[in-house]
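Since every read-out is calculated from the coordinates, none of them should be taken as a lab result. Quick caveat: nothing in here was measured; it's all calculated off a predicted structure. No Cβ is skipped: glycine too gets one built from the backbone with ideal geometry, and neighbour counts run over all protein chains shown.
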Amino acid sequence: MCGIVGYVGNKQALSVVVEGLRRLEYRGYDSAGVAVVNNKKLDVRKKAGKLTNLETLLGNDPLPDSTIAIGHTRWATHGIPNDANAHPHTDVSNEIAVIHNGIIENFSELRAELQKAGVKLSSDTDTEVVAHLLNFEYPKSNNDLAESMRRVVRKLRGAFTLVAVHAQQPDVVVGARRNSPLVVGRGNGENFLASDVAAFISHTKNAIELGQDQVVELRHDKVTITDFEGKPAVTKEFVVDWDAKAAEKGGFDLFMLKEIFEQPKAVAETLVGRLSENGKLVLEEMTLSIGEIANIEKIVFVACGTAFHSGMIGKYAMERWSRIPCEVELASEFRYRDPILNQRTLVVAISQSGETMDTLMAIRHAKSQGARVLAICNTQGATIPRESDAVLYTRGGPEIAVASTKAFLTQVVAVELLSLYFAELRLDKPTTEIKQVMNELANISHQIDVVLDTTDAVKELAKKYMNAQSVLFIGRHVGFPVALEGALKLKELAYMHAEGFAAGELKHGPIALIEDGIPVVVIVPSVRLEKELHEKVVSNIQEVRARGARTILIVEEGDDSIIEFADHIIRIPQTSSLLQPLVATVPLQVFSCALATLKGHDVDQPRNLAKSVTVE
Ligand code: AGP
């Protein structure tokens, strides 16, 4: 949840770290803080609220020049978001500074032990105990900060990324990782540590994935990685394929808007090279063997939030194409209900960040039960793909806005590809049929562009409903997950009450919510391809209109049968049914973004949220 940056090298460390924090602020914005070492003295500045508050503080109370620094943006878990609870935390000698992402589960015991030993703690956080423990271990470790860290982490339970500096070690940043992300950036005469490569890609693209339970010692010219016992660790180097520009706003006011408009490209990239010349699907990085795929009896999609909605679409696509029975499960519920899994189950974990703790725990549980795990992920080097048996990467590029947009569309493309691939291998589907869908997918980017042309009209519509108390979204078939996604976007960005329903369920309860003037957004299935479903949705529209609802209909071009039931119509291009979410979701993203902007909310960093949820 929190963003972490560490730097040691030849530049002004503070600017490098603050620049990195700006790129990581999407991970948490309850407070921000930095620590530098200069002349064997540690200096810390920290402030509640967004990074800009810290920058103001640094302007009023500057730090000395330094070539070593650490920095943190916080998403609060233990302790309210105030100055005292902001990271970095220091020990009693004020020589050690620590930043942390995650939760230290045994912190109460450790805190009690420290208090018994006479240590006065100055925050409510779980992190502060680490600073004091490092202080105890430092002399016992021959003044070796990395060894002190190894000794401390062996005492901790829970999930953590920890990064520390010591006033007496002006060329050393130490990091430790268990269940939370930490990546090393290797530069020339400088090295970086960060929760996400976005923090350092403007300096270097050479990175090292830190594995589970590893400690790294960073010097300006050397990176040493060990396990928690001090044995040299096996690590994986990679080159980041995003460029720095991708993590900037590129002329847009908001990251979210930029990312909405990047969707045609993101979808196109995710499709590049997926079809061979002889019409066969190619999923290069998806290393499950033909035998393993043939062996699958059941697929379970696990994911959270928006990614869960793409999993729902995955179920429709997979069952339609490959005829393999599928379930979709919220990752946070999965392992707690003792699901029935075996070697013939494939668990497909969908995650933009690849770090969502609920999803990570779900796949670990699945593996412990013998299931195979495949990750659909947008982030190279992340924990979920690393711990999975196979991976299918979406190629959306960095998604910075907290609200997921391009990640969702690329996930939908990925589940479609996977379904077609399994169909090809297991059912011997004729290449012509697969080619037809692939041709349609190849045109989808253009169709998303067409939907983006409706942006101004959707913004105008948002103005009309700015004061609505509640907005309902309904759909059937794949329109149902789209309705859920539309409602989620509105809740998280506009802070409005919004619900998504399967349209057929309305009469079983939710229709009681309909009152005069309530806006109901309806994702209308294709009248050309889904006549029966279309008729049912038309009935649902009439039911809500009869009770005073105002209807906003998302309808494909050419469907004029619907006009009389609409208060507002948003047109989307004609697609096959399973691909409709790729165009129907886009106006809903714009709608929420516009409403949130009108209400004066921080669209990219909505309240109480963080981009990647690395706690359970
Ligand atoms: C949606 O807009 C949110 N950002 C959230 O629901 C997100 O999709 C969810 O937390 C899962 O994140 P992941 O894809 O990184 O695992």
Nearest-ten-degree value, helix 479-494 long axis tilted from longest Cα axis of the chain: 50
After finding the eigenvalues of the alpha carbon gyration tensor for region 372-418, what semi-axes result from the square roots of 5 times each, listed largest first in whole Å? 18, 13, 7
Evaluated at 25 °C and 0.890 mPa s, the Stokes-Einstein D of the chain based on the Kirkwood radius over Cα pairs, in µm²/s, stands at 97
What order do you get for 124-137, 577-590 when each peptide is scored by the mean count of other beta carbon atoms within 10 Å, highest first? 577-590, 124-137
How much of the pair distance distribution for region 530-586 lies past 17 Å, counting alpha-carbon pairs only, in percent? 39
Expressed as an acute angle from 0 to 90° and rounded to the nearest 10, what is the orientation of the C-alpha long axis of helix 51-60 relative to the principal long axis of the chain? 30
Between residue 122 and residue 320, Cβ-based FRET efficiency (R0 60 Å, step 0.05) works out to 0.55
Kindly express, to the nearest 10 degrees and within the range 0 to 90, the angle between helix 357-368's C-alpha long axis and the longest C-alpha principal axis of the chain. 90
Would you mind calculating the gained length between residue 202 and residue 231 on full extension (0.36 nm times residue separation, minus the Cα-Cα distance), in nm to one decimal? 7.2 nm
Please compute the Kirkwood hydrodynamic radius of region 376-515 from all pairs of different C-alpha atoms, in Å with one decimal. 18.1
Suppose each label sits 7 Å from its Cα in the direction of the beta carbon; what would the residue 298-residue 616 distance come out to in nanometres? 2.2
Assuming a ≥ b ≥ c are the square roots of the Cα gyration tensor eigenvalues, decide whether region 255-442 counts as rounded (a/c under 1.5), prolate (otherwise, with a/b larger than b/c) or oblate. oblate
Rank the residues 604, 560 as a footprinting-exposure proxy: fewest other Cβ atoms within 10 Å of their Cβ go first. 560, 604
If the chain between residue 142 and residue 212 were fully extended at 0.36 nm per residue, the gain over the current Cα-Cα distance would be 22.6 nm
Of 489/599; 11/231; 11/47; 463/489; 507/536; 47/489, which sit over 20 Å apart, Cα to Cα? 11/231; 11/47; 47/489
Exposure proxy ranking, count of Cβ atoms within 10 Å, fewest first, for 520, 527: 527, 520
Calculated FRET efficiency for the pair residue 495/residue 82, C-beta based, R₀ 22 Å, to 0.05: 0.45
How would 2, 326 line up from fewest to most surrounding beta-carbon atoms within 10 angstrom? 326, 2
Rank-order 57-64, 461-468 by packing density, defined as the average count of other C-beta atoms within 10 Å over each peptide's residues, highest first. 461-468, 57-64
How much FRET efficiency would the formula 1/(1 + (r/R0)^6) give for residue 39 and residue 221, where r is the Cβ-Cβ distance and R0 is 25 Å, rounded to 0.05? 0.75
Spin-label pair residue 56/residue 457, simplified geometry with 7 Å Cα→Cβ offset, distance in nm: 4.3
How far is the Cα center of region 289-340 from the Cα center of region 516-571, in Å? 30
Length-normalised contact order of the chain, Cα under 8 Å, at least 6 apart, in percent, tallies to 12
Rounded to a whole number, the Stokes-Einstein D of region 3-247 in µm²/s (Kirkwood radius over Cα pairs; 4 °C; 1.567 mPa s) is 74
As a percent rounded to 5, the proportion of antiparallel DSSP bridges among beta bridges in the chain is 60
Cα Rg, Dmax (largest Cα-Cα span) when computed across region 456-598, Å: 13.5, 38
Note to self, the chain gives a 222 nm [θ] from helices alone (DSSP H runs n ≥ 4, -39500 (n - 2.57) apiece, / all residues, nearest 500) of -11000 deg cm²/dmol
Could the peptides 491-498, 238-245, 254-261 be put in order, highest first, of the mean number of other beta-carbon atoms found within 10 Å of their residues? 254-261, 491-498, 238-245
Is the shape of region 215-295 rounded, prolate or oblate, going by the alpha carbon gyration tensor and its root eigenvalues a ≥ b ≥ c, with a/c under 1.5 for rounded and a/b larger than b/c for prolate? oblate
Once residue 112 and residue 560 are pulled to full extension, the length gained, defined as 0.36 nm per residue separation minus their Cα-Cα distance, is 154.3 nm
Using only Cα atoms, locate the centre of region 594-616 and the centre of region 222-283, then give the distance between them in Å, rounded to an integer. 23
